[in-house]
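The values are calculated or read from the model by the stated rules, or taken from the named source; none is laboratory data. Everything quoted here is computed from the prediction, not taken from an experiment. Cβ sites come from the backbone with ideal geometry, for glycine too, and all protein chains shown count toward neighbours. The area values use the complete protein model at the heavy-atom level, side chains included, leaving out ligands, DNA and RNA. Shrake-Rupley method; radii C 1.70, N 1.55, O 1.52, S 1.80 Å.
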Amino acid sequence: VGRGSDANVDVGPLIDDDAVRKVTRLVDDALARGAIMLFGERPTGPGRLVAPIVLGNISSDMQLWREEIFGPVVPIRVATDEDDALPANVHMVRRPSPSDTTGSRTPSTNDSRERIEARAVSARREAV
């Protein structure tokens, strides 16, 4: 963690102080709702350097599960099976408007693997 221009640095500073406050808010909310700090520590002190954080025991009621974090935070949520995983991640895919021709498409099959794969492919296409 350090200056982004330094050759030996893997994680540079966040874009601005608001980004640091957002990461801190989302991490604090997750910890207050039962997340477990698996690696790292919550951001403290002045500056825009935030060390990587890995949080476990994430649930869909946590703000960081619903908001894009734009920081070095990895939230881990364990699903009991494929059907449990799909609803927990559907919100991460941009939902199309009625006039949108690039939104995600759901196959007509009930096979959850195919639904997960279709949404993941669609999400990757939209990111490009």
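If you go through the range 38-68 and keep only what is under 17 Å from Val11 (Cβ atoms) and open to solvent by less than 30 Å² (accessible area, probe 1.4 Å), you end up with Pro43, Val50, Ile53, Leu55.
Cβ separations smaller than 7 Å between residues 6+ apart or across chains give the following pairs from the range 18-29 residues that are within 12 Å of Val73 (Cα to Cα) to residues that are in a helix (DSSP H, G or I) and of a type in the set (S, T, N, Q): Leu26/Gln63. Considered as a group, the residues in the range 30-40 that are under 19 Å from Phe70 (Cβ atoms) and in a loop (DSSP other than H, G, I, E, B) include one that is modelled with the highest pLDDT, and that residue is Ala35. Within the range 1-37, the only residue that satisfies the criterion of being open to solvent by 60 Å² or more (accessible area, probe 1.4 Å) and touching a Phe, Trp or Tyr at 6+ places or on another chain (Cβ under 8 Å) is Ile15.
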